[in-house]
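Novice: Once you've had a glance at the structure underneath, I'll fire off some questions.
Throughout, read-outs are computed from the coordinates displayed, never taken from laboratory work. Because the structure is predicted, anything quoted here is derived from the model rather than measured. As a convention, Cβ positions derive from the backbone with ideal geometry for all residues, glycine included, and neighbour counts pool all protein chains shown.
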Amino acid sequence: MIVVFHFIIWLFLIVFQTTVLVSVAANFYDLLAPLVVYLGVNQQPRKAIPVILFSGLVMDGLSGGVFGVYLTAYLWMYVGVRWAIQFLHMGNFILLPLLVTAGIVFESLVLAFCAVVLGSSSWSVEFIFSILSGQIFWGFFTGPCLVLFFIYGHKAIERAKKSVTSYRDVLRMH
């Protein structure tokens, strides 16, 4: 049931990012980066890896760029978050925004590197810096809010699952 929740969130983020954000803010960060950080912090690999693989493949297909760059960035981001939470106390409200921002910085740098190295035209440092700084700025303020939304949504799904299960158990007793 929780994997279905992840795919619904994923679908909403993809649709929102490819329809609304493209026309409003072209320099906005990838909204799936906070989802990958959330999955790394709160989910076991058997629940997170299918969502990450599917997200990476779809984003690679939608981007029109080098195939595999989003998948690689998401997998490395997930591995990095899983490694980092071994050393960090994730109940701290200061560390979560920093972890989300670090994930957004990592993904933005990977995508910028691929665009510079494989791009047909030369990019100025000022142009790349302005895009990256805008993505980091927006990611620092909105990324943690998205992760908190994912956490509260997960808790609501778990509560609903427990209430349905307890109601079903009461019906079995009668």
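Novice: Over segment 2-149, what is the mean sequence separation of C-alpha contacts under 8 Å (at least six apart), divided by residue count, expressed as relative contact order in percent?
Specialist: 30 percent
Novice: Applying 1/(1 + (r/R0)^6) with R0 = 25 Å to the Cβ-Cβ distance of I128 and V66, what FRET efficiency is obtained, to the nearest 0.05?
Specialist: Once rounded, the FRET efficiency stands at 0.90.
Novice: Residue by residue, what Karplus-based ³J(HN,Hα) values in Hz, rounded to whole numbers, does segment 96-109 have, using 6.51, -1.76 and 1.60 with θ = phi - 60° and x for Gly and Pro?
Specialist: 5, x, 5, 5, 5, 5, 4, x, 5, 4, 4, 5, 5, 5
Novice: Still on this structure, I have one more. Roughly how big is the chain's charge dipole about its Cα centre, with Cβ charges of +1 (Lys, Arg) and -1 (Asp, Glu), in debye to the nearest 20?
Specialist: 880 debye
Novice: Starting from the Cα of V22, step 7 Å along the direction of its Cβ; do the same at W76; then give the gap between the two resulting points in nm.
Specialist: It works out to 2.6 nm between the two label points.
Novice: If I compute percent of Cα pairs over 28 Å apart from the structure I just sent, which labelled value in [x] 12; [y] 23; [z] 27 lines up?
Specialist: Computed from these coordinates, percent of Cα pairs over 28 Å apart corresponds to label [z].
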